[in-house]
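Values quoted throughout were computed directly from the atomic coordinates according to the rules given, and no laboratory measurement underlies them. Since we're looking at a predicted model, the values are computed, not measured. Don't worry about glycine lacking a Cβ; one is built from the backbone with ideal geometry, like all the others, and counts go over all protein chains shown.
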Amino acid sequence: MKRTKHMNIHTLLPVLAGTALLAAVSTAGAADAWQERLLLDPPQGQLDAEARGRIMIYDGLTDAQIAQAMDEQFERIESMMFVRTIHTDERGEVLRDAETGEAQAEDDGC
């Protein structure tokens, strides 16, 4: 970014905030993909750890992803815990709060 004599913190804040938001969104997407892979197509190391008693806590997956896991990975259910489950409609689209626009998620009481 080219620095001019009029650039100050107020000029940089929107740029920095936008950069931080993009980083958070891309990190969230990567985390979701990682969790989904562990849930639906676990590597042998994950299966070995579960056989020794490891429990994986999956955070923020959709109810559709969890339903798929219950169908395809039922034998591993004792090694799974789900928190902040996101609600979806019959097409698999995320349901959103009408006022805030945030995804509707389970209240786990935590």
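Here are a few things to note about the model shown:
- Spacing of the modelled spin labels on Leu38 and Gln104, each 7 Å from Cα toward Cβ, amounts to 2.8 nm.
- Local electrostatic count, Gly53, Cβ distance below 13 Å [Lys/Arg +1, Asp/Glu -1]: 0
- Our estimate of slack between Gln73 and Ile57, defined as 0.36 nm per intervening residue step minus the Cα-Cα distance, is 4.3 nm.
- Note on Ala49 and Ile66: the model spin-label points, each 7 Å out from Cα along the C-beta direction, lie 2.1 nm apart.
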